[in-house]
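Read through the structure below, which is laid out as structure tokens, and then see the notes.
The values are calculated or read from the model by the stated rules, or taken from the named source; none is laboratory data. The structure presented is a predicted model; accordingly, all values stated were derived computationally and were not measured. With ideal geometry, Cβ positions are generated from the backbone for all residues, glycine too; neighbour counts draw on all protein chains shown.
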Ligand SMILES: *Cc1c(COP(=O)(O)O)cnc(C)c1O
């Protein structure tokens, strides 16, 4: 891709289209089309995307927002940063996304929204979640940071709830050459408000309607993302084939629990997360063989010092009890068949 990317970068530089401009507009149009949303607003990163969506919803100050206990901290930070209260809930043990029945347990008269994190690239079960939300007049915000291209019953994530937050952090499935993010929505008012918040509350050059902030997807990142978006589906197909190899070869072992893809899901495998009874030993064995793994996430969010003030650290839900078993095996467009076969051989030698 070097030639394509280099040419995109030099075009931006020659045009001086660093902020706003043509490449951003093209990317916003391309992403809207990709997720089948009416509107897309490029922003500085995925965390900003979440914060700006929440702010644009204008919920009463101090509203409770339900967030899954297993996610990256940004899913919860965006709630407190916008003046609301995080309420953690449990996840599904099969696909690791938000547990709809536990969301129901957590709803109070102060609840304003639910953050549906399509974790590891697996979409949340949106129909029951949205119907529950509708019964209680709540917004469902989609955290799509790990799930660009994932589908729920044939529909790409990002415009199923009120709005979707995307991250283009370099390690994500669609990664920029630095930070980047976007908001997608079908709601024209929400899109307009979000765009204004991200641009100092203005509509004209110096016509500031309220105090906003600065959060931008810059021209260089947009131009690079335009090139990479054209390759995304091909990379996703590869990720899925890597996952299928793991599933086929590791399912007969007793100490490992593999992720379960729901039948209505297109899972884009941002991560391939297993649970293992001897997680640290497995990680060490792979590390000794020069195979890098990760842990997503080592500590369930409610147990972090940052959230001690919420007093939810000692609950005993699935997410709370299983963080010490999680291990992310290598996955990505760069992983070869041989890499996987090698890992599987090592695994077979070490475990029954
Ligand atoms: C990466 C990520 C974010 C934050 O995105 P940034 O671009 O790093 O700010 C939010 N939520 C989830 C689930 C993520 O994985």
Checklist entry - Could you list, in sequence order, the residues of the range 107-132 that are farther than 27 Å from residue 270 by Cα and in contact (Cβ under 8 Å) with a residue 24 or more places away in the chain? => result 107, 108, 110, 111, 112, 132
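Could you check how many residues of the range 62-72 are within 16 Å of the ligand (Cβ to nearest atom) and in a loop (DSSP other than H, G, I, E, B)? Spell out the reasoning first.
Within the range 62-72, the first condition is being within 16 Å of the ligand (Cβ to nearest atom), and the residues that meet it are 65-72.
Going one step further and asking which of them are in a loop (DSSP other than H, G, I, E, B), we end up with 69-72.
Within the range 62-72, residues that are within 16 Å of the ligand (Cβ to nearest atom) and in a loop (DSSP other than H, G, I, E, B) number 4.
Which one of these is free of Cβ contacts under 8 Å to residues at least 60 places away in the same chain, more than 19 Å from the chain's Cα centre (by Cα) and not in a loop (DSSP other than H, G, I, E, B): 292, 283?
Answer to the check: 283.
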Checklist entry - Which residue pairs have Cβ atoms closer than 6 Å, lie 6 or more positions apart in sequence or on different chains, and pair a first residue in the range 236-251 that is over 19 Å from residue 275 (Cα atoms) with a second residue that is modelled with pLDDT under 95? => result 238/333
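In the range 79-105, how many are closer than 21 Å to residue 126 by Cα, within 16 Å of the ligand (Cβ to nearest atom) and assigned to a helix (DSSP H, G or I)?
Residues of the range 79-105 closer than 21 Å to residue 126 by Cα: 79, 86-105.
Cutting the leftovers down to within 16 Å of the ligand (Cβ to nearest atom) gives us 79, 86, 88-89, 91-92, 95-98.
Checking which are assigned to a helix (DSSP H, G or I) leaves us with 79.
The total comes to 1.
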Next on the checklist: Is it the case, given these coordinates, that residue 31 is touching a strand residue (DSSP E or B) at 6+ places or on another chain (Cβ under 6 Å), more than 16 Å from the ligand (Cβ to nearest atom), at pLDDT 95 or above and under 15 Å from residue 224 (Cβ atoms)?
Outcome noted: no
Next on the checklist: Here are the criteria: (1) closer than 18 Å to residue 49 by Cα; (2) touching a strand residue (DSSP E or B) at 6+ places or on another chain (Cβ under 7 Å); (3) in contact (Cβ under 8 Å) with a residue 24 or more places away in the chain. Tell me which single one residue 80 does not satisfy.
Outcome noted: (3)
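Mind listing whichever residues of the range 37-61 are assigned to a helix (DSSP H, G or I) and more than 16 Å from the ligand (Cβ to nearest atom)? Before the answer, list the steps.
Filtering the range 37-61 for residues assigned to a helix (DSSP H, G or I) gives 46-56.
Within the range 37-61, 56 is the sole residue that qualifies.
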Next on the checklist: Go through (1) within 16 Å of the ligand (Cβ to nearest atom); (2) closer than 24 Å to residue 84 by Cβ for residue 172 and report which single condition fails.
Outcome noted: (2)
Checklist entry - Do we find a residue being within 10 Å of the ligand (Cβ to nearest atom), more than 27 Å from residue 192 (Cβ to Cβ) and outside any helix (DSSP H, G or I) anywhere in the range 113-125? => result no
Checklist entry - Is it true that residue 10 is over 18 Å from the mean Cα position of the chain (by Cα) and on the phi > 0 side of the Ramachandran plot? => result no
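So which residues in the range 327-342 are touching a helix residue (DSSP H, G or I) at 6+ places or on another chain (Cβ under 7 Å) and either under 13 Å from residue 246 (Cα atoms) or at pLDDT 95 or above (or both), if there are any at all? Break it down stepwise before answering.
Let us first name the residues in the range 327-342 that are touching a helix residue (DSSP H, G or I) at 6+ places or on another chain (Cβ under 7 Å), namely 327, 329-333, 335, 340.
Within the range 327-342, 327, 329, 330, 331, 332, 335, 340 qualify.
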Checklist entry - Is it the case that residue 159 is more than 16 Å from the ligand (Cβ to nearest atom), within 19 Å of the chain's Cα centre (by Cα) and either surrounded by 22 or more Cβ atoms within 10 Å (Cβ to Cβ) or part of a helix (DSSP H, G or I) (or both)? => result yes
